[in-house]
Amino acid sequence: MRSRWALAAVASLFAGLVAAAPVQAAPNFPVVTCAFTPTAPDNPAARPVSPPLPVALAIGTARVTFTTNYGPIEVELNRAGAAPCGVQNMISLVTQRFYDNSECWRLTNSARLGVLQCGDIFEVEKGGPGYQFPDEVDGTETYERGTIAMGNQGAGTNGSEFFFVHSFANIPANYSVLGKVVRGMDALDRMVAAGITPSERGPLDGAPAAPVKIESAFVS
């Protein structure tokens, strides 16, 4: 089983690069090293997955589609941005079907924070992939409408959690930016319009009033 995931990870790593490379030029694929550190036994994987390869391409883009009960959300992940390891990680988890049949547990819509948080299998900030990796930020990150970025529970705790910005997020530049939504912002808008279940964090920060489910995710 793990050998199949490894082959899938290798395939996803180089997907689309031949088409992106200039026809006359010899391929030149810059890579960066990544450190994926196990969190077990204290925080084991919520679903059986292997960590990504410890290298990531730092050129080109990749697209992932999240099929939700509100419609598809397609994102363009930027390998050449500040977070190539984060992009590598998301593609690996998508390829291994980690996000399939999962729920997005947190929705916010305040003057400071307007995001949908996904990727936690059990509940808010619980249920990761069994490993973590460092932040990839340079201090210039912004989180405007349509941004997709890694979520975390503190410095260096990236795993499977991520968020979509449906309005804006006035937050510190502590979250690795993966890319942007290129199709499906209308689905996010419908999720927000359906409302939020108040929580101890406030009336505008809680679970979606109507559950938001990722039915499947795939490299598109």
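Just a few scattered comments:
- None of 152, 174, 158, 170 is within 21 Å of residue 66 (Cα to Cα) and without any contact (Cβ under 8 Å) to a residue 60 or more places away in the chain except 152.
- As a summary of the residue check, residue 67 satisfies the conditions (1) among the polar types (S, T, N, Q); (2) part of a strand (DSSP E or B); (3) modelled with pLDDT under 95 except for the one numbered (3).
- The set of residues from region 139-148 being assigned to a loop (DSSP other than H, G, I, E, B) and open to solvent by less than 20 Å² (accessible area, probe 1.4 Å) comprises 143, 146.
- Strands (runs of 3 or more DSSP E) completely within region 149-214 that count 3 or more residues being open to solvent by 30 Å² or more (accessible area, probe 1.4 Å), under 22 Å from residue 99 (Cβ atoms) and modelled with pLDDT of 95 or more: 177-183
- Candidate set from region 95-138 (those that are hydrophobic (A, V, I, L, M, F, W, C), touching a Ser or Thr at 6+ places or on another chain (Cβ under 9 Å) and assigned to a loop (DSSP other than H, G, I, E, B)); member that is most open to solvent (accessible area, probe 1.4 Å): 137
- Residue in region 78-85 that is charged (D, E, K, R) and open to solvent by 10 Å² or more (accessible area, probe 1.4 Å) present: no
- Residues of region 186-195 that are touching a residue at least 60 places away in the same chain (Cβ under 8 Å) and hydrophobic (A, V, I, L, M, F, W, C): 187, 188, 191, 192.
The rows are residues; the columns are (1) within 13 Å of the chain's Cα centre (by Cα); (2) more than 16 Å from residue 179 (Cβ to Cβ); (3) among the hydrophobic types (A, V, I, L, M, F, W, C); (4) assigned to a loop (DSSP other than H, G, I, E, B).
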residue	(1), (2), (3), (4)
29	no, yes, yes, yes
47	no, yes, no, yes
75	yes, no, yes, no
81	no, no, no, yes
85	yes, no, yes, no
88	yes, no, no, no
93	yes, no, yes, no
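The values are calculated or read from the model by the stated rules, or taken from the named source; none is laboratory data. These numbers were taken from a predicted model, which means no experiment stands behind them. FYI the Cβ positions are ideal-geometry reconstructions off the backbone, even for glycines, and counts take in every protein chain you see. We work out accessible area using only protein heavy atoms, side chains counted, and drop any ligands, DNA or RNA first. Shrake-Rupley method; radii C 1.70, N 1.55, O 1.52, S 1.80 Å.
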